[in-house]
Structures are given as structure tokens and as C-alpha cells.
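Q: Take a look at the following structure, please.
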Amino acid sequence: MTNNAWRGRGVLILGAASAIAEAVARDLAAQGAQLILVARDGARLEAIAADLRVRGSPNVAVRALDLVESEPTDELLQSLADAIGGFDTALIAHGLLGDQTRAEQDAAHAAALIDVNFTSAGLWALALARRLERTDGRNGVVAAIGSVAGDRGRSSNFVYGAAKAGLAVLMQGLAHRSALHGGPKAVIFKLGFVDTPMTAEIPKGGPLWATPDAVAKVIVKGLDGRSAIVYGPWFWRYVMLIIRLLPQPVIARIDI
């Protein structure tokens, strides 16, 4: 992708205050995209927006909104579009890693993981797909940040992984529908370990960890690419292929 490839295009980013989403926004701003940023923390969004304008975005708008509590109505989506004169690309980036041990014992925490990572993200994806089908057809893009945790259930994170697996299937279904019947392209980004505030409590180190800037480049490229499933970084496609293919008696003896 060349510089300024996104000039004049509108991009909606949900969960824009996260480290990965902010890195994506910086990359898009440098290429001239117009951006509408949505998250709960309005003050944080204003600070991000100011930086993006300096980096090259001609138009950045913000909306403080609880994405889990808010219904993605046609009226709400129209108001978001009006803030920057329209968007043809939307990235769903809000998520909650949570704690697996707590989720096994605390139904409310498990419900929060499912509500944020699957129910909310999935409903926004469906609503955005409907809107972009009307406004941009095959030129529209609806994308979501998923996780390699959804590729196989493992003891370390299976509640979070189950929610991300559900989101991946939903996005793959939208992509299949688009291929058969038209409508916006759909992309699920399956990310591995990323060094962000959300993973602050996890010990880090080694070649499997990536920075937000590194995965942002994968996401920006994937938004304009042809693949419906994009792993980030690329090697996770092969790591998870091996894990998916392990027979159950084998994986039952491995703590991963």
C-alpha cells in the first residue's frame, strides 16, 4: 500500500482508545484518512484525536459511547457517519481479556467477557454490514479484531476464547455472504500476544510477542486486502494450524 492510499476515505473505529486501535488510527491518519473514534473515555479520545490531526488526518471526530450498553441503531450509525461526512470502512476493536479463573467461578465476569467480546461486537458487525451494504455495497469493509484464542479451546483462556471464536464465525459468515451475494467485505483479524495495557499482567518476552504498531500495520494492510481471515503477526497462522491439528489425547497432556 502506498502513502496516502486512504486519503479522503472515512473510517469508523469502535473501541478507539485501546492501544491497538490507536496504533491503527495513527497509521491511517498518516495516509490521509478521515476518522470517527468511538469509546467510553471522551477525554482520552480528544487527546488521541489531537495527535491524529498532527499526523495528517484532515478530519477527526470523536464520540464518547459505551458500546456494550448502546444499541447500534440506524440513527446512531447515521449520526456517526455525519460526523465526518460518511465512512466506507469500520473496525470493531473493543474487547475485554478478563481473567479465566475468575470467569469459571463468577458468572457475572463470564457474562461480561461474552457480552463484550461476542454479543456487542457481533451486533455492531451485523448493523455495520447492513449499513455499508446500503451505502457502499462491495466497496465497504467491516472488520473486527479477534484472537488466536478462538482457534481451539484451551484451559488457560477458554471463556475469552469461546467469545472470540463466536465472533470469528460470525465475521466469516458475513464474508461468505458477501462473496455469494454482494455487500461489504468482512475481515476478522486473529491476533496473537500483543504488548498492551490489557496484557500488562501477563509475563512477556520471546518471539511470539508483538507491539501494537506491528499488528496495526497488519490490520491496515488487511483492511484493503482480499483475505477474510488475517493472522497477526503472520506466523500465528502456522502456530495455530499445528495446535488445531493436535489430537485431543495429545493436547490433553500439554499445558498451553
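Q: How far apart, in nm, are the 7 Å Cα→Cβ label points at Asp82 and Leu65?
A: Taking the simple label geometry, Asp82 and Leu65 are separated by 1.3 nm.
Q: Treating the range 9-104 as a set of equal point scatterers at the Cα positions, no solvent, please give the Debye-formula log₁₀ I(q)/I(0) at q = 0.12, 0.21 Å⁻¹.
A: Debye intensities relative to I(0), on a log10 scale: -0.36, -0.98.
Q: Evaluate 2.2 N^0.38 Å with N set to the residue count of the range 1-45, then give the Cα radius of gyration divided by it. Before the final figure, lay out each step's value.
A: Details: Rg = 10.6 Å, N = 45, 2.2 N^0.38 = 9.3 Å.
It is 1.14.
Q: Under the Karplus relation 6.51 cos²θ - 1.76 cosθ + 1.60, θ = phi - 60°, what is the ordered set of whole-Hz ³J(HN,Hα) values for the range 109-125, x standing for Gly and Pro?
A: Once θ is set to phi - 60°, the couplings for the range 109-125 become 5, 4, 5, 5, 4, 6, 5, 6, 7, 10, 4, 5, 4, x, 5, 5, 4 Hz.
Q: Quick one: helix 74-84 against the long Cα principal axis of the chain, what's the angle to the nearest 10°, folded into 0 to 90?
A: Tilt of helix 74-84: around 60 degrees.
Q: Turning to a different aspect of this structure: If we restrict to alpha carbons, what Rg and Dmax does the range 105-189 come to, in Å?
A: Rg and Dmax of the range 105-189, Cα atoms, are 14.0, 45 Å.
Q: Sorting check: for 58-68, 212-222, 5-15, which peptide has the highest mean count of neighbouring beta carbons within 10 Å, and how do the rest follow?
A: Ranked by mean Cβ neighbours within 10 Å, highest first: 5-15, 212-222, 58-68.
Q: Can I ask one more? Label Arg152 and Thr101 with points 7 Å out from Cα along Cα→Cβ: what is the distance between them in nm?
A: 2.5
Q: Just round it to a whole percent: the fraction of Cα-Cα distances in the range 56-151 exceeding 22 Å. Mind showing how you got there, number by number?
A: Numbers: 1693 of 4560 pairs.
The proportion of pairs with Cα distances above 22 Å equals 37 percent.
Q: Ranked from highest to lowest mean number of other Cβ atoms within 10 Å per residue, what is the order of the peptides 238-250, 122-134?
A: Numbers: 238-250: 10.8, 122-134: 20.3.
Top to bottom by mean Cβ count within 10 Å: 122-134, 238-250.
Q: Which cross-chain or sequence-distant (5 or more) residues have an amide H under 5 Å from the amide H of Lys190, H modelled 1.01 Å from N in plane?
A: Sorted by chain and number, the residues that satisfy this are Gly146, Val230, Tyr231, Gly232.
Q: In debye, nearest 20: dipole of the chain around its Cα centre with unit charges on the Cβ of K, R (+) and D, E (-)? Don't skip to the end; give the middle numbers.
A: Values: 26 positive and 24 negative charges, 203 e Å.
Rounded to the nearest 20 debye, it is 980 debye.
Q: Any chance you could tell me what percent of the C-alpha pair distances in the chain go past 32 Å? Present the calculation step by step, with values, prior to reporting the outcome.
A: Numbers: 5857 of 32640 pairs.
In whole percent, the share of Cα-Cα pairs in the chain beyond 32 Å is 18.
Q: Report, to the nearest whole %, how much of the accessible area of the range 10-252 belongs to carbon and sulfur atoms, 1.4 Å probe, protein only. Show your work: numbers first, answer last.
A: On the way: 6080 of 10810 Å².
Carbon-and-sulfur percentage of accessible area, whole number: 56.
Q: Probe of 1.4 angstrom, ligands and nucleic acids ignored: what's the accessible area per residue over the chain, in square angstrom? Don't jump to the answer; show the numbers that get you there.
A: Numbers: 11960 Å² over 256 residues.
I get 47 Å² per residue for the chain.
Q: Could you tell me how many degrees, from 0 to 90 and to the nearest 10, lie between the Cα long axis of helix 236-245 and the main elongation axis, the longest principal axis, of the Cα atoms of the chain?
A: Roughly 40 degrees between the two axes.
Q: Between the helical axis of 42-55 and the dominant principal axis of the chain, each derived from Cα atoms, what acute angle in degrees is found, rounded to the nearest 10?
A: That helix lies at roughly 70 degrees to the long axis.
Q: Any idea what the dipole of the range 172-256 comes to, in debye rounded to 20, about its Cα centre with Lys/Arg Cβ at +1 and Asp/Glu Cβ at -1? Before the final figure, lay out each step's value.
A: Numbers: 10 positive and 5 negative charges, 78 e Å.
Once rounded to the nearest 20, the dipole reads 380 debye.
Q: Pull up all non-local amide H partners of Ala16: gap of 5 or more, or a different chain, and H-to-H distance under 5 Å with H placed in the peptide plane.
A: Val38, Ala39
Q: How many angstrom lie between the C-alpha centres of the range 11-38 and the range 89-165?
A: 18
Q: To the nearest 0.05, how large is the calculated FRET efficiency for Leu245 and Asn139 if R₀ is 41 Å and r is the Cβ-Cβ distance? Please list the in-between numbers first.
A: Values: r = 37 Å, r/R0 = 0.90.
It comes to 0.65.
Q: Give me the one-decimal nm value for the distance between modelled label points at Arg40 and Asp74, 7 Å along each residue's Cα-to-Cβ direction.
A: Result for the modelled spin labels: 3.0 nm.
The values are calculated or read from the model by the stated rules, or taken from the named source; none is laboratory data. All figures in this text were calculated on a predicted structure; none of them were measured in a lab. With ideal geometry, Cβ positions are generated from the backbone for all residues, glycine too; neighbour counts draw on all protein chains shown. Accessible surface is based on the protein model in full, side chains and every heavy atom, while ligands, DNA and RNA are left aside. Shrake-Rupley method; radii C 1.70, N 1.55, O 1.52, S 1.80 Å.
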